[in-house]
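Q: One structure is given below, represented as structure tokens, and several questions about it will come after.
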Amino acid sequence: MDILLTPWVLWALLALALLVMEAFLSGFFIFWFGIGAIPAAITAFAVPNNIVLQLAVFAAASIVAMVAGRPFTKRLYKGGSDEKFGADRLVGSCCVVQETIDPDTGKGLVRAEHDEWRAETADGSVVEKGAKVRVVRIAGTRLIVEAMD
């Protein structure tokens, strides 16, 4: 039981906890501290009674990890490609009206790719069943469309 209270085990558990927490959070902020706790655990294993050295290694390793990882996170959040995911991929795509889009009744259904979506027109016009429309944007769970000429 004494092994669980040794400094290196505590640092290792902290590293594991921070890395697991990052999986549930966004932003890659906690991740770097989890990486910094690994060298601190190694230091604590080698020098278990020097907490100041362990904290210094933790701080330095975390800062180095943040600086070294910055290009990766910038590229990740920049998007690297123009590929869209989720519902955003539908913007600009062509759809077929499955149920007449009528702003007075609030009804309207289109087929986009393999899914059916509730739809309304951007200009408030009526679009008949079978017509082709283009997705302009997404508002909640509805596609905002415009008639194709």
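Q: Looking at (1) buried (at least 16 other Cβ atoms within 10 Å of the Cβ); (2) more than 30 Å from P71 (Cβ to Cβ); (3) of a type in the set (A, V, I, L, M, F, W, C), which one does A41 not meet, given that it meets all the others?
A: If we test A41 against (1) buried (at least 16 other Cβ atoms within 10 Å of the Cβ); (2) more than 30 Å from P71 (Cβ to Cβ); (3) of a type in the set (A, V, I, L, M, F, W, C), just (2) comes out false.
Q: Scan the range 32-46 and give yes if some residue there is under 21 Å from the mean Cα position of the chain (by Cα) and without any contact (Cβ under 8 Å) to a residue 24 or more places away in the chain, otherwise no. Talk me through it step by step, then tell me what you get.
A: Restricting attention to the range 32-46, the residues satisfying the condition of being under 21 Å from the mean Cα position of the chain (by Cα) are 32-35.
Narrowing further to those that are without any contact (Cβ under 8 Å) to a residue 24 or more places away in the chain: 34.
Yes, the range 32-46 contains a residue that is under 21 Å from the mean Cα position of the chain (by Cα) and without any contact (Cβ under 8 Å) to a residue 24 or more places away in the chain.
Q: Collect the residues in the range 127-144 that are surrounded by 14 or more Cβ atoms within 10 Å (Cβ to Cβ) and not in a strand (DSSP E or B), keeping them in residue-number order.
A: A131
Q: Considering every residue within the range 86-103, establish whether at least one is modelled with pLDDT under 85 and among the β-branched types (V, I, T).
A: Narrowing the range 86-103 to residues modelled with pLDDT under 85: 86-89.
Going one step further and asking which of them are among the β-branched types (V, I, T), we end up with none.
Looking for residues that are modelled with pLDDT under 85 and among the β-branched types (V, I, T), one finds none in the range 86-103, hence no.
The values are calculated or read from the model by the stated rules, or taken from the named source; none is laboratory data. Worth saying up front: this structure is predicted, and the values here are computed from it rather than measured. All Cβ positions, glycine included, derive from the backbone under ideal geometry; neighbour counts span all protein chains shown.
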